[in-house]
Amino acid sequence: MSILNALRSDSYVDISQYRDQHFKGNRYEQEKLLKMSCTLYVGNLSFYTTEEQVYELFSKSGDVKRIVMGLDKVKKTAYYTRADSEHAMRFINGTRLDDRIIRTDWDAGFKEGRQYGRGKSGGQVRDEYRQDYDPARGGYGKIIKK
Amino acid sequence: MSRRRHSDENDGGQPHKRRRTSEPIEIEDRLESLICRVGEKSTSSLESNLEGLAGVLEADLPNYKNKILRILCTVARLLPEKLTVYSTLVGLLNARNYNFGGEFVESMIRQLKETLKLNLYNEALYLVRFLSDLVNCHVIAAPSMVAMFENFVSVVQEEDGPQVRCDWYVYAVLSSLPWVGKELYEKKDVEMERILNQIESYLKRRQKIHVPMLQVWTAEKPHPQEEYLDCLFAQVQKMKKDRWQERHILRPYIAFDSVLCEALQHNLPPFTPPPHSEDAVYPMPKVVFRMFDYTDAPEGPVMPGSHSVERFVIEENLHYIIKSHWRERKTCAAQLLSYPGKNKIPLNYHIVEVIFGELFQLPQPPHIDVMYTTLLIELCKLQPGSLPQVLAQATEMMYTRLDTMNTTCIDRFLNWFSHHLSNFQFRWSWDDWSDCLTQDLDKPKPKFVREVLEKSMRLSYHQRIVDIVPANFSALIPTNPIFIYKYMDESSSSLPGYAVTIAISNAIINRSSNDEILTILKDVPNPNQEDDDDEGDSFNPLKIDVFLQTLLHMAAKSFSHSFSALAKFHEVLKILTDSDEGKLHILRVVYEAWRNHPQMISVLIDKMIRTQIVDCAAVANWIFSPDMAHDFTRFYVWEILHSTVRKMNKHVQKIQKELETAKEKLEKQHSRRKDSGDEEEDKNSDEEDGPLEEQIERLQEKVESAQSEQKNLFLVIFQRFIMMLTEHLVRCETGGVDFNTPWYKNCIERLQQIFLMHHQTIQQYMVTLENLLFTAELDHHILTVYRQFCALQM
């Protein structure tokens, strides 16, 4: 039975423009991994957000396999299945946790050397350029601190 | 570049030029896009867009007829919300090209047969409805459509076949009548009358045991929750009384009447419904969800009544929009809010009703629960001045009617509400609900508020919950989720095993080996034994207690810490819980230590099952044990049980999949050898097939063993339910007390929930269940639940 391409839009699941600079491999390989990945990078969490809160929220799209939390480190949620992680991209990305709108994006998976955030100082990209004082995000942005 | 860009769909003339230079694939994609998006984002009217598109397609027929046929058949099958748009398009094409019209009808019939064969009953439904609307477009002759309906209805006379089969054919006829009832009655009223009479007598004699199991509310007031066929028949009857007037459906073909009535019509070929087969899986019956009526939307347009055909059409269309766009919440919300004809109806109320109808649908919602939460948030964003109020009104309504709401639906309601609140700073007029404070804690309203607060706490933190509710709600606030360490300090030094806990914590800090730890544990006395057990290997609950309490205490900081601890001492734990009693006891210890933190209990049990420290049956037995009786009605307990059953089911599916893959590999190997015409075939085949065949055998055993474990799990669960419920019923009868307590309602509905949530898996074990457990001797209250379940596919 034919299915119309025009009807199967699933834009929340598509991979974003972001590519990991530290990825060991070429762009094509990275994209391939992202399209199969069951792991999500989670951004814009408050420093006070706990692992329990992340578990509770992300469990709504499926069984959570593992969560990695860390101050200034990368926060990730991994599922057992691709389907569960796609539901997270569709329904948890862009909603609130701890009163903040969080973002999720596909991650190539757990590997050594990928413990840091995507910002140049190892934190979040937004924090590099943030000019306001946000106590939940460590005060001023890194660029101001310099 | 811009010259080569494709123009909009309302530009009829241009494509000719471009087509000569473009690739065929591009043309086909463009055709698809033109057809799918007709009328969208256009400044011209729908009618003029359709006219333009008909012209383009007519010109393309010589070269792309098959592709166009395929696209049109597909939109008929997959886009029911745009039914009349595409039926009009087909009507226009038929008027211009009679042969094409004939070929389209033939393709549709072929597609209908295929969908029925593949158990795609919803899609088949849309096809039937499309065909019936083609009568309005002068593509199909009315008498031949009536003949098809006669054949459909004759299914109710069949000897064999389940009721759900007849249901579908009756539904296919009834649900097409809003579109084509008028036309068919005008042309063939005698035959239609006969059809409706046959349907009426079928509906009178058909059994409706399943209905209570599928109702969201058991109360008849304020809105009866009707069986779907009964409701639709009432709607059709009312429409008939109104002389088949139907004012809601958008009918573009009316504007083209002068063109269309000149067209020659085709006769549908005689269509015999395919016979019933064992593989057939018919749709399950439904109950129509109603929560609003015209009194609830006091201002603005009036809400069509529950038995008006308009209500049916609006609800169907809103369901289809969700079905098409559920993956993209912004699009879905926008499409819902731009529903054609929205100015004549209180659209927000319809949308909220349809969404909750899906969320609460039994056995399962059509889509994942969290989708509805996010969709409602999007809708609130798009209509901030009106939708949140409707949502609040709905929430208030559902709160007032908790007493008669099905427990499964209460679960979904509280999950939705707590998640929703967490996106809006937990702002709610809690004082409005202070009536629940005067009721017993086990009554539905205070229970609901407690569970909402507990779930809300999981998404925030304890102090937050304390801050958001009024002070007089303190009895309903969840406990602070802290660890309870039995061997805390010197005051517990009199507890047996206390000294060993000190030794164990030191051992852990000093990174002692597992053997060293087991040696330390040998000193723990065994309260179960009077004689000296030299081996010390038998089940010793105190050992488990001492070790696990200490370990969990040290790892109490976070989930990650606790998971690490379980992983690190996996071996020790496995040794300690080697027996069924051991597994049960470890669950008890986890509960005792973390009973303030149900979420932690839940994730620990999940890990322990996955690492095989406990098995699923142990969890089931623990939940039904006397130790857990006081928490038996709490939501977290059922979260754990359902999660456990799901893990079991996924495990079986996974191994079955592995087996299938291996079998396919073997087959490929065989056919590859055959194709290559290898003369040394026989010699090689053993060598090649050997390892794969061994693997298949091993997997086969694994599957059987997993299925056996799965069957056992359900047996344990059902057995325990039966025991508990029977005890309660007997006790009440002998005591002369009403059995229908809140506890009973919860328990019997939890039993229902097991059937509903896992119905596909349970179907496999029906024979065993019927022979061993659900026998005629059972109390009829319990047996009724089983019978209702069976009725779902009968």
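Computed from the coordinates by the stated procedures, all read-outs in this text should not be read as laboratory data. Note that the structure is predicted; figures quoted are calculated from it, not measured. Reconstructed Cβ throughout: ideal geometry from the backbone, glycine too, with neighbour counts over all protein chains shown.
Some values worked out for this structure:
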quantity: Amide H contacts of B:HIS266 (H built 1.01 Å from N, under 5 Å, at least 5 apart or other chain); calculated: B:ILE140, B:ALA141
quantity: Ranked list, fewest to most other Cβ atoms within 10 Å of each Cβ, for B:MET648, B:MET284, B:MET724; calculated: B:MET284, B:MET724, B:MET648
quantity: Residue pairs, from the table B:LYS557/B:LYS607; A:LYS75/B:LYS607; A:LYS75/B:LYS654; B:LYS574/B:LYS663; B:LYS117/B:LYS238, whose Cα atoms sit over 26 Å apart; calculated: A:LYS75/B:LYS654; B:LYS574/B:LYS663; B:LYS117/B:LYS238
quantity: Exposure proxy ranking, count of Cβ atoms within 10 Å, fewest first, for B:PHE100, B:PHE789; calculated: B:PHE100, B:PHE789
quantity: Region A:33-97 and region B:253-272: distance between their alpha carbon centers, rounded to Å; calculated: 54 Å
quantity: Aspartates and glutamates whose Cα lies under 17 Å from that of B:LYS702, excluding same-chain neighbours fewer than 8 positions away; calculated: B:ASP615, B:GLU658, B:GLU660, B:GLU693, B:GLU694
quantity: Residue-wise HN-Hα coupling along region B:544-551, computed from phi with Karplus coefficients 6.51, -1.76, 1.60 (Hz; x: Gly, Pro); calculated: 4, 4, 4, 5, 6, 4, 5, 4
quantity: Cβ-placed point charges (K, R +1; D, E -1), dipole of region B:597-733 about Cα centre in debye, nearest 20; calculated: 1160 debye
quantity: Global size of the protein assembly as shown as Cα Rg and Dmax, reported in angstrom; calculated: 31.6, 101
quantity: 10 Å Cβ neighbours from other chains, averaged over peptide B:550-560; calculated: 2
quantity: Residue (of B:GLN612, B:VAL652, B:ILE640) at the positive-pole extreme of region B:602-682, dipole from beta-carbon charges; calculated: B:ILE640
quantity: For the protein assembly as shown, share of DSSP beta bridges that run antiparallel, in % to the nearest 5; calculated: 95 percent
quantity: Over the protein assembly as shown: helical MRE at 222 nm, DSSP H runs n ≥ 4 each giving -39500 (n - 2.57), nearest 500; calculated: -18500 deg cm²/dmol
quantity: GluC sites (Glu not before Pro) restricted to DSSP loop in region B:23-74 with at most 13 other C-beta within 10 Å; calculated: B:GLU40
quantity: Residue (of B:ILE586, B:ALA147, B:PHE569) at the positive-pole extreme of the protein assembly as shown, dipole from beta-carbon charges; calculated: B:ALA147
quantity: Listed residues A:ALA108, A:SER46, A:TYR79: farthest to the positive end of the dipole of region A:25-108 (Cβ charges); calculated: A:ALA108
quantity: Phi-based couplings in Hz for region B:288-294 (Karplus 6.51, -1.76, 1.60; Gly and Pro marked x); calculated: 6, 8, 10, 10, 10, 9, 4
quantity: Degrees between helix B:369-382 axis and first principal axis of chain B (Cα, 0 to 90, nearest 10); calculated: 60 degrees
quantity: Loop GluC sites (Glu not before Pro), region B:223-329, which have at most 10 other Cβ atoms in a 10 Å radius of their Cβ (DSSP); calculated: B:GLU262, B:GLU278, B:GLU299
quantity: Neighbour-count order for A:TYR41, A:TYR55, fewest beta carbons within 10 angstrom listed first; calculated: A:TYR55, A:TYR41
quantity: Karplus (6.51, -1.76, 1.60) ³J(HN,Hα), θ = phi - 60°, over region B:639-646, in Hz, Gly and Pro reported as x; calculated: 4, 5, 5, 5, 4, 5, 5, 4
quantity: For chain B, size of Cβ-based charge dipole, Lys and Arg +1, Asp and Glu -1, in debye; calculated: 3340 debye
quantity: Anchor A:LYS24: lysines whose Cα lies under 17 Å away (excluding residues fewer than 8 positions away in-chain); calculated: A:LYS32, A:LYS35, A:LYS111
quantity: Per-residue average of Cβ from other chains inside 10 Å of B:276-286; calculated: 0
quantity: Amide H contacts under 5 Å for A:LEU97, placed H, 5+ residues apart; calculated: A:ILE102
quantity: Test item: Cα-centred dipole of region A:25-108, Lys/Arg +1 and Asp/Glu -1 on Cβ, debye; calculated: 240 debye
quantity: Other protein chain Cβ atoms within 10 Å, averaged over every residue that makes up B:413-419; calculated: 1
quantity: Chymotrypsin sites (Phe, Trp or Tyr not before Pro) restricted to region B:371-469 and DSSP loop, no more than 16 other C-beta within 10 Å; calculated: B:PHE424
